[in-house]
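A.B. asks: Sharing a structure below in structure tokens format, with a few things to ask.
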Ligand code: NDP
Ligand code: 8X3
């Protein structure tokens, strides 16, 4: 029977690279994100396995449930869920924080992850089988200047990953967390609201991780034998030892 992986945030960066890598490893891919045209591009570009696309906003709990319920029966046997959709919005001290940015980060990175998990879990529980990979961050382990709410959202992902692993251990479902450092994607463009120059500056002066580095790791994690769960991995650029790169502030 085909193995199936559902990747949220497959329209860009880590999620997109993960969809390609898991397809190469033989998984049939359910690719999700808001940008439907990018999902269609991905569907055309992945040639080795079938790709099913679902366009929805993870903040909309009904849209999430409807999308997962709309999966045809032969796509419902999800073996791997990669909870990747997320972003930082803004980088500012708490005293000048933007409430819309705070809502976006908590609604997408935390509640969106929960809504998707809630919708997919019954499919895994029915088969007593599945592997959930949550994309956390080094920002979920260490707080950095002006990172306040983004860091809080990723600390929440860390706590949820641990809690989910405990709750699901008797159900035959693995839960793992991947905590990257700086990966060059559209992440900083989103954080800085389209300011490409400022975004590019985040990745200058050292070699950042590439989305494919995280995708390789995820592929390794989900292809371990049934009795092995790599519970948590932090993956950093060689130039990064803590939440600041080369000890400079973001
Ligand atoms: P990108 O901006 O390149 O990709 C973000 C993805 O999330 C897009 O596919 C986007 O799809 C999706 N997404 C964002 N908001 C929503 C939403 N409301 N509903 C559905 N999908 C959404 O960033 P990355 O690939 O870097 O980020 C992926 C994950 O990795 C995030 O959780 C991020 O926090 C984490 N991370 C990133 C690091 C980095 O340095 N880049 C380091 C550590 C962790 P669309 O816009 O089409 O909806
Ligand atoms: C993304 C990495 O350091 O920009 O989570 O917050 S960082």
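A.B. asks: Report the Stokes-Einstein translational diffusion coefficient (µm² s⁻¹, integer) for the range 4-235, Rh taken as the Kirkwood radius over Cα pairs, at 20 °C with viscosity 1.002 mPa s.
C.D. replies: 121 µm²/s
A.B. asks: Which value in deg cm²/dmol, rounded to the nearest 500, describes the helix-derived mean residue ellipticity at 222 nm for the chain, given -39,500 (n - 2.57) per DSSP H run of n ≥ 4 and division by the residue count?
C.D. replies: Calculated at 222 nm, the ellipticity per residue is -11500 deg cm²/dmol.
A.B. asks: When a footprinting reagent is the concern and you count Cβ atoms within 10 Å, what order do 82, 51 take, fewest first?
C.D. replies: Least to most surrounded, the residues fall as 51, 82.
A.B. asks: Using a basic spin-label model with each label point 7 Å from the Cα along Cα→Cβ, how many nm lie between residue 107 and residue 223?
C.D. replies: 3.9 nm
A.B. asks: If neighbour count is taken as other Cβ atoms inside 10 Å, put 52, 28 in order from fewest to most.
C.D. replies: In increasing order of surrounding Cβ atoms, one gets 52, 28.
A.B. asks: Fewest first, what order do 11, 47, 244 take by the number of other Cβ atoms within 10 Å?
C.D. replies: 47, 244, 11
A.B. asks: If you don't mind, another one. With label points built 7 Å along Cα→Cβ from the Cα atoms of residue 169 and residue 69, find their separation and express it in nm.
C.D. replies: Those two pseudo-labels are separated by 3.4 nm.
A.B. asks: Can you give the log10 of the normalised intensity I(q)/I(0) at q = 0.19 Å⁻¹, computed with Debye over equal Cα scatterers of the range 139-250?
C.D. replies: Listed by q, the Debye log ratios stand at -1.08.
A.B. asks: How far is helix 36-45 tilted, in degrees, relative to the longest principal axis of the Cα atoms in the chain, given as a value from 0 to 90 rounded to the nearest 10?
C.D. replies: Tilt relative to the chain: about 70 degrees.
Read the figures in this text as sums done on the coordinates, not as results from a lab. All figures in this text were calculated on a predicted structure; none of them were measured in a lab. Here the Cβ is made from the backbone with ideal geometry for all residues, glycine too, and neighbour counts use every protein chain on show.
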